[in-house]
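Here's the structure we're looking at; comments come further down.
Every number in this text was worked out from the coordinates using simple rules, so none of it is lab data. Small disclaimer: the values here were computed from a predicted structure and weren't measured. Cβ: placed from backbone, ideal geometry, glycine included. Neighbour counts: every protein chain shown.
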Amino acid sequence: MPFKIKEIAAKSIIGTTQVPSADYVINPYTGCQFACMYCFASFMGRFVGETTNNWGKYVYVKTNAIELMEKDIQRLMKKNPHPKIAMSTVTDPYQGVEKQYRLTRGILEVFVKYQYQGRVGLLTKSPMILDDLELLKKIPNLEVGMSITTTDDQLSRFLEVKAPLASARLRTLKKLNKAGIKTYVFIGPFLPHMKLKPELIDNLFSEIKAAGTNDVKIEYLNLPKYVRPKMNKLLKEESKEIQEVYTTSQLKKYREQIAPILRNNLLKHGLKLKFDEIIHHITAKNLVE
Ligand code: SF4
């Protein structure tokens, strides 16, 4: 099936959110070309009539996003202080279609035009962000999150099927830091493979520090019911050990084992854990104690 790109008109572009670190979110695209196997944003498909299995095979482009942004930002600027806005929480703002539509760029231009003073967070896996470096520098209170889960490109390709490789993301992070952009690294999810190879944790933290970033946000793997079958299928040919660690990764015991390892490594490399907490999204429904 060829990759599907569909243009749509959205009703609004700045939406409210339950994400604790933001008051509002902006997602100019629905769907994501990077097709990460663990992506729990795949539930977004239901809003555009796509199945969770189709995640990574379509993108709906909100072609009026910039126009809406002009209107929405003025409404938010009446609030004091200006609210925190996160971009993008359920898609990647610098996936391939951005080259063609430049909606993320247009939205950033609006932040610059109005000199928006609230915190603007931007999360991506893509070196394409460097195309907008000059714009990023002009946003008063911006923080860029680079999502990097491992330094092992093979593992990255296995799980983050069409995303830019981890090594490319680390190089991008370095360039952002060199340009004076405030950054953090999002290790989300923390890949259970790393529990079996603790040297990968050490490598990752060491590379983050070497790239010039001090703040790290970590999230445990979240395997809701709609993601599990996909993951089980992917892991079918893997060793028993790997299959097991993915199953146990949903247990409280796993989190208790891994938390001190991560915290010690953060200390060792002089990194700071954002919110002083390793995040887990497992709802009461999915939780296995
Ligand atoms: S880049 Fe982010 S939104 Fe896109 S598939 Fe991967 S985890 Fe999901």
*Scope segment 168-186; condition free of Cβ contacts under 8 Å to residues at least 40 places away in the same chain and either closer than 16 Å to VAL216 by Cβ or not in a helix (DSSP H, G or I) (or both); matching residues*: LYS174, ASN177
*From the residues in segment 81-106 that are among the hydrophobic types (A, V, I, L, M, F, W, C) and touching a Leu at 6+ places or on another chain (Cβ under 8 Å), which one is surrounded by the fewest Cβ atoms within 10 Å (Cβ to Cβ)?*
ALA86
*Subset tally (residues that are surrounded by fewer than 16 Cβ atoms within 10 Å (Cβ to Cβ) and within 19 Å of CYS36 (Cβ to Cβ)) for segment 209-236*: 7
_Residues of segment 38-68 that turn out to be free of Cβ contacts under 8 Å to residues at least 12 places away in the same chain and of a type in the set (Lys, Arg), as a count_ = 1
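Could you check segment 34-49 and list, in sequence order, the residues that are in contact with a strand residue (DSSP E or B) (Cβ under 6 Å, 6 or more places away or on another chain) and either more than 24 Å from SER12 (Cα to Cα) or crowded, with 18+ Cβ neighbours inside 10 Å (or both)?
Of everything in segment 34-49, those that are in contact with a strand residue (DSSP E or B) (Cβ under 6 Å, 6 or more places away or on another chain) and either more than 24 Å from SER12 (Cα to Cα) or crowded, with 18+ Cβ neighbours inside 10 Å (or both) turn out to be CYS36, TYR38, MET44.
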*Say whether the condition of being part of a loop (DSSP other than H, G, I, E, B) and either near the ligand (Cβ under 9 Å from one of its atoms) or among the basic types (Lys, Arg) (or both) is met by at least one residue in segment 16-30.*
no
